[in-house]
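To keep things clear, I will list the structure first and then write my remarks on it.
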Amino acid sequence: MLRTELTDRFSLQVPIVGAPMAGPGGPALASAVSLAGGLGMIGVSSAATPEWITAAADEVRQATERFGIGLMAWNLARRPEQLDAAIAARPALVSVSFGDYSVALDPLRQARIPVATQVGDVASARQAHEQGIELIVARGAEGGGHGDDRVATLPLLQGVLEAVGDGAVVIAAGGISTARGLAAVLAAGAAGAWIGTGLLACHEALARPEAKRRLLDATELDTVSTSVFDIAQGIPWPPAYRGRALSNAFSRRWHGREDELAQDPAARQQLVDAMAAGDYDTAVIYAGQAVGSLSTERSAREVVSTLAAGAEALLRRW
Ligand SMILES: Cc1cc2nc3c(=O)[nH]c(=O)nc-3n(C[C@H](O)[C@H](O)[C@H](O)COP(=O)(O)O)c2cc1C
């Protein structure tokens with residue numbers, strides 16, 4: 001069994017956190033990851049209501065008490081009620097990533113809920129450590145969905161571990177989807193992995209069959225880190241955080257022409273319509289470069305246990 005500070009701290013059987021993924025990462029995926037021995041997270045979208053958060057947490061709790069909730073820091077000024085609902089749900093962990101998370105720290109501490117944040121550079125890791133964040137996620141540019149896309153996972157992880165690894169629990173994210181990736185970051189000194197894309201093709205991930213088919217067909221070359229899908233949908237992500245998604249006709253047309261897109265209501269409406277219709281030549285499917293490793297739809301239990309057992313076998317070889 002792979003024992004780390006992460007498994008000890010959260011009573012896990014495997015050093016794996018299922019990354020919060022607004023959209024595909026609902027209660028079914030969160031509970032499946034937790035039942036497989038990891039820590040499943042509910043991904044809360046920027047538009048989610050407190051009622052949605054409460055209902056999602058209640059659903060997970062029917063299967064397991066062990067789960068986390070992932071919020072977007074930049075969104076808390078607009079929707080402080082998301083934090084209240086997350087605290088009321090009494091999760092084992094709340095992650096507050098991407099933007100100024102400081103407003104969330106006192107309420108979470110008072111509720112005795114450990115906090116995670118995803119960092120994209122070493123200075124941000126130092127800052128998180130100074131603020132007493134319990135779980136620092138070194139999240140590299142190859143990761144799926146939104147994040148800081150300036151530094152890849154391996155240079156980031158090395159820098160973060162050197163800077164704060166002695167005092168903080170550091171885990172790695174971005175591009176980890178197989179046993180080899182998990183073994184690599186554990187060998188480097190990370191306490192675990194925070195895995196998103198690797199779980200996207202699971203039965204329990206909420207996605208249309210056509211989206212899953214495209215994820216299974218994609219290679220590591222098929223993603224782009226872009227703001228065009230946010231601009232078109234009018235989601236006010238801070239410019240520092242783009243979203244890594246499968247490239248498609250819409251991203252090929254507009255990536256690099258963001259100002260023009262913002263001024264083109266017809267193009268923006270085209271994306272909104274395509275999202276509703278599930279037309280993925282235009283609609284977005286967020287995924288990281290690890291998408292190239294997905295080849296079959298599997299259960300989250302199988303993904304998590306294969307990762308952990310394979311990593312253990314690889315590490316034993318040394
Ligand atoms: C479809 C999708 C949705 C995501 N949604 C969120 C989210 O709601 N909150 C968050 O903190 N991170 C979100 N992320 C980012 C993940 O937390 C994590 O950084 C990323 O998945 C790690 O890289 P990987 O995809 O290569 O495993 C999302 C990622 C994906 C792929």
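The values are calculated or read from the model by the stated rules, or taken from the named source; none is laboratory data. From a predicted model like this one, the values you see are computed outputs, not experimental measurements. We place every Cβ from the backbone using ideal geometry, glycine too, and count neighbours over all the protein chains shown. For accessibility, only protein heavy atoms count, side chains too; no ligands or nucleic acids. Shrake-Rupley method; radii C 1.70, N 1.55, O 1.52, S 1.80 Å.
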Checklist entry - In sequence order, what are the phi-derived ³J(HN,Hα) couplings for segment 27-39 according to the Karplus relation 6.51 cos²θ - 1.76 cosθ + 1.60 with θ = phi - 60°, rounded to whole Hz, with x for glycine and proline? => result x, 5, 5, 4, 5, 5, 5, 5, 5, 7, x, x, 10
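Which semi-axis lengths, in whole Å and largest first, follow from the square roots of five times the eigenvalues of the Cα gyration tensor of segment 115-269? Numbers along the way, then the final one.
Numbers: eigenvalues 180, 78, 30 Å².
In descending order, the three semi-axes are 30, 20, 12 Å.
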Checklist outcome for this item: Expected vector for segment 84-89, Karplus 3J(HN,Hα) from phi with 6.51, -1.76, 1.60 and θ = phi - 60°, integer Hz, x for Gly and Pro, equals 4, 5, 5, 5, 5, 7
Checklist outcome for this item: Expressed in nanometres to one decimal, the distance between label points 7 Å along Cα→Cβ at residue 166 and residue 318 is 2.1 nm
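Normalised by the residues of the chain, what does the relative contact order come to in percent, with Cα pairs under 8 Å and at least six apart? Let's see the in-between values first.
Details: 692 pairs, mean separation 55.7, N = 318.
Relative contact order, the chain: 18 percent.
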Next on the checklist: Just to be sure I understand: if I project the alpha-carbon convex hull of segment 218-318 onto a plane and average over all orientations, what area do I get in nm²?
Outcome noted: 8.7 nm²
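Using a 1.4 angstrom probe with every protein chain in place, what is the largest-first accessible-area order of 105, 216?
Values: 105 5, 216 45 Å².
Highest to lowest solvent-accessible surface, that is 216, 105.
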Checklist entry - Accessible surface of residue 124 in the full protein assembly, 1.4 angstrom probe, to the nearest 10 Å²? => result 40 Å²
Item to check | Order of exposure, largest accessible area first, which applies to 21, 275, 1, 41 with probe 1.4 Å | outcome: 1, 275, 21, 41
Checklist outcome for this item: Per principal axis, largest first, the Cα atoms of segment 25-155 extend in Å by 40, 30, 26
Next on the checklist: Let's test the formula: R0 of 22 Å, r as the Cβ-Cβ distance of residue 217 and residue 277. What FRET efficiency results, to the nearest 0.05?
Outcome noted: 0.65
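Using Stokes-Einstein with the Kirkwood hydrodynamic radius over Cα pairs, what translational diffusion coefficient do you get for segment 162-212 at 20 °C and a viscosity of 1.002 mPa s, in µm²/s rounded to a whole number?
Working: Rh = 12.4 Å.
For these conditions, the coefficient is 172 µm²/s.
Counting only heavy atoms of protein chains, what accessible area per residue, in Å², does the chain have with a probe of 1.4 Å?
On the way: 13410 Å² over 318 residues.
On a per-residue basis, the chain sits at 42 Å².
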Next on the checklist: Quick check: the distance between the Cα centres of segment 269-318 and segment 47-92, to the nearest angstrom?
Outcome noted: 23 Å
Next on the checklist: With a 1.4 Å probe and all protein chains kept in place, how do 121, 281 rank by accessible area, largest first?
Outcome noted: 281, 121
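So how strong a dipole does segment 209-277 carry about its Cα centre when Lys and Arg Cβ are +1 and Asp and Glu Cβ are -1, to the nearest 20 debye? Let's see the in-between values first.
Numbers: 9 positive and 10 negative charges, 30 e Å.
Value, rounded to 20: 140 debye.
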Checklist outcome for this item: For residue 51, the accessible surface traced by a 1.4 Å probe with all protein chains present amounts, in square angstrom to the nearest 10, to 130 Å²
Item to check | Where only alpha carbons of segment 209-277 are counted, the Rg and the Dmax (Å) | outcome: 12.3, 34
Checklist entry - Which value, in Å² rounded to 10, gives the accessible area of residue 225 with a 1.4 Å probe and all protein chains present? => result 20 Å²
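Are there GluC sites (Glu not before Pro) in segment 57-101 that DSSP puts in a loop and that have at most 11 other Cβ atoms within 10 Å, and which ones?
For GluC sites (Glu not before Pro) across segment 57-101 that sit outside H, G, I, E and B with at most 11 neighbouring Cβ atoms in 10 Å, the list reads 65.
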Item to check | Cut-off of 10 Å, at most 16 other beta carbons, DSSP loop: longest stretch of the chain lacking such trypsin sites (Lys or Arg not before Pro) | outcome: 151-256
Checklist outcome for this item: Restricted to the chain, the DSSP antiparallel beta bridge percent, nearest 5, is 20 percent
Item to check | Helix-only CD estimate at 222 nm, as mean residue ellipticity for the chain, using -39500 (n - 2.57) per DSSP H run (n ≥ 4) | outcome: -12000 deg cm²/dmol
Next on the checklist: Eigenvalues of the Cα gyration tensor times 5, then square-rooted: what semi-axes does that give for segment 13-56, in whole angstrom, largest first?
Outcome noted: 21, 10, 7
Item to check | Average projected area [Cα convex hull, the chain], square nanometres | outcome: 14.8 nm²
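Would you please give the FRET efficiency between residue 111 and residue 158, computed as 1/(1 + (r/R0)^6) with r the Cβ-Cβ distance and R0 = 35 Å, to the nearest 0.05?
Approximately 0.55, to the nearest 0.05.
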Checklist entry - Scaled to the compact-protein estimate 2.2 N^0.38 Å, what is the alpha-carbon radius of gyration of segment 2-79, rounded to two decimal places? => result 1.11
